[in-house]
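Coordinate-derived values only; no laboratory data. Every value quoted in this text rests on a predicted model; they were computed, and no experiment measured them. Cβ coordinates were reconstructed from backbone atoms using ideal geometry, including for glycine residues, and neighbour counts include every protein chain displayed.
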Amino acid sequence: MKLRNKQFLVKQNFIWNVLIILIGSIQFATFYPNFVEKLYSTHLYVGYAQILRWLTGWLPFSLGDVLYILIGLYLCYSVIRLIKICLVRKNGAQIWLILKNLLKIVVVAYVWFMLSWGLNYHRLGIAYQLHLQVNPYTNDELCVLRDSLAVKLNSLRQQIGQDSILPSPDLITLYWQAPTYYQQASKLYPFIQYHYRSIKNSLFTPWAKYFGWGGYYNPFTGEAQIRADMPRILIPYTVLHEMAHQIGYAGEEEANFVGYLVARESGNAYVAYSCYSELYKYVYNELLLRNTFPDATPALDTLVRNDFKRVNRFFMQEQNSIAPQIMDLYDVYLRANQQKNGINSYNEVVGLLIAFQKKYKKI
């Protein structure tokens, strides 16, 4: 018995030593974005992520969501068991064992997360790849961008049609077509190639309004999950955004920008309209924050404004007191992962767009 206990302790100490070494190595790597970019993000991660998508893409359901449910159930079981031991048995050894097991799960999950995707938060990223000079922008530059987007929106809406109600393409069709848009864009931007589709409806869609998200990426299974009950026009850009996460762009502003690059090269007016609609809202929010309302503004087409109203009405009807709390937690998560502006990081795509427009004279 003593020999068995000694072997168990040796094994546990070995596991903890390995975990500590891995954590130290990960933290060391985060100080060298150039190393992360050139070795991890564009080489090691690319191959690993493709294998994950190949393994999970054929499943008709989200394996990652099932994994989250199982982990949640296990944590609930562990907490209940811990409370029971504390109140009834008062067994210090058992309490310590449960706490150590929970701590081990957290540490293993952190190491797995960082090695399987999280290091992408510390890469040089899309601005480096496109040689963009992203600087603080002026109100005038912001207005120029907003005007350019308004013109594009009006044009794209006319291409879609004169019907007051937007088309509602099948979700599966949108998921299947999305990789072809990445393939098309990769002719101009070889670093955003996408192979092996793994895009699923989220199993948590019925409760999505309480979480405040439209989609999310599961780094443990390589799947992109989409909220299936959103207004359909939001789906294409959300899908492209989550696919950008899949190929290694962790920052929310970067995923937004990569989604934009793909949408503008897609050759599909509906997909491009989905993208430019969201970008217009980001720019408009920036103008609101700066209290800037210039008089000379290209008017949005009546059809565009009606589309915006329908989307806004959908989310107004879903307002609740839980979603803001969840988004506060997500804000903490983003800040802990190099997104210094937290939830407002999504809006930082505006700086990338202005830099792109100044360099390439187009939007």
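The table below gives the values:
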| item | result |
| --- | --- |
| Neighbour net charge for Y48 - beta-carbon separation under 15 angstrom, K R +1, D E -1 | +1 |
| Longest exposed-site-free window of the chain, the sites being trypsin sites (Lys or Arg not before Pro) in a DSSP loop that have at most 12 other C-beta atoms within 10 Å | 188-339 |
| Distance violations [Cα-Cα > 30 Å] among K309/K362; K187/K361; K84/K200; K187/K309; K187/K358 | K84/K200; K187/K309 |
| Environment charge at P231 (Cβ cut-off 12 Å; Lys +1, Arg +1, Asp -1, Glu -1) | +1 |
| M114, M316, M230, M243 arranged by Cβ crowding within 10 Å, fewest neighbours leading | M316, M230, M114, M243 |
| Approximate spin-label separation Q183-F61, in nm, with each point projected 7 Å along Cα-to-Cβ | 3.0 |
| FRET efficiency, Y77 to N285 (Cβ-Cβ, R0 45 Å, nearest 0.05) | 0.60 |
| Euclidean distance of C-alpha centroids, the stretch 135-185 and the stretch 251-277, integer Å | 7 |
| In the stretch 239-270, chymotrypsin sites (Phe, Trp or Tyr not before Pro) in a DSSP loop with at most 12 other beta-carbon atoms within 10 Å | none |
| Per-residue Cβ neighbour rank within 10 angstrom, fewest leading, I235, I85 | I85, I235 |
| Length-normalised contact order for the chain - Cα pairs under 8 Å, 6+ apart - percent | 23 |
| At 0.890 mPa s and 25 °C, Stokes D of the stretch 48-189 from Kirkwood alpha-carbon radius, µm² per second | 113 |
| Cα long-axis angle, helix 63-84 against the chain (0 to 90 degrees, to the nearest 10) | 40 |
| Between helix 2-29 and the chain: long-axis angle, C-alpha atoms, 0 to 90°, nearest 10 | 30 |
| Contour excess over end-to-end distance, with Cα ends at V18 and W96 and 0.36 nm allotted per residue | 26.0 nm |
| Selected from I247, I23, I15 as most flexible by GNM, with the chain as the system and alpha-carbon contacts under 10 Å | I15 |
| Ranked list, fewest to most other Cβ atoms within 10 Å of each Cβ, for L119, L102, L97 | L97, L102, L119 |
| For the chain, calculated [θ]222 nm from helices alone, where every DSSP H run of n ≥ 4 adds -39500 (n - 2.57) | -20000 deg cm²/dmol |
| ³J(HN,Hα) computed for each position of the stretch 243-248 - Karplus, 6.51 cos²θ - 1.76 cosθ + 1.60, integer Hz, glycine/proline x | 5, 4, 4, 4, 9, x |
| Pairwise FRET efficiency - I51 versus K362, Cβ, R0 = 45 Å, nearest 0.05 | 0.80 |
| Positive minus negative residues near Y181 (Lys, Arg vs Asp, Glu; Cβ under 12 Å) | +2 |
| Using alpha-carbon coordinates, inclination of helix 269-290 to the longest axis of the chain, degrees | 80 |
| Long-range Cα-Cα pairs in the stretch 128-360 (distance over 21 Å), rounded percent | 58 |
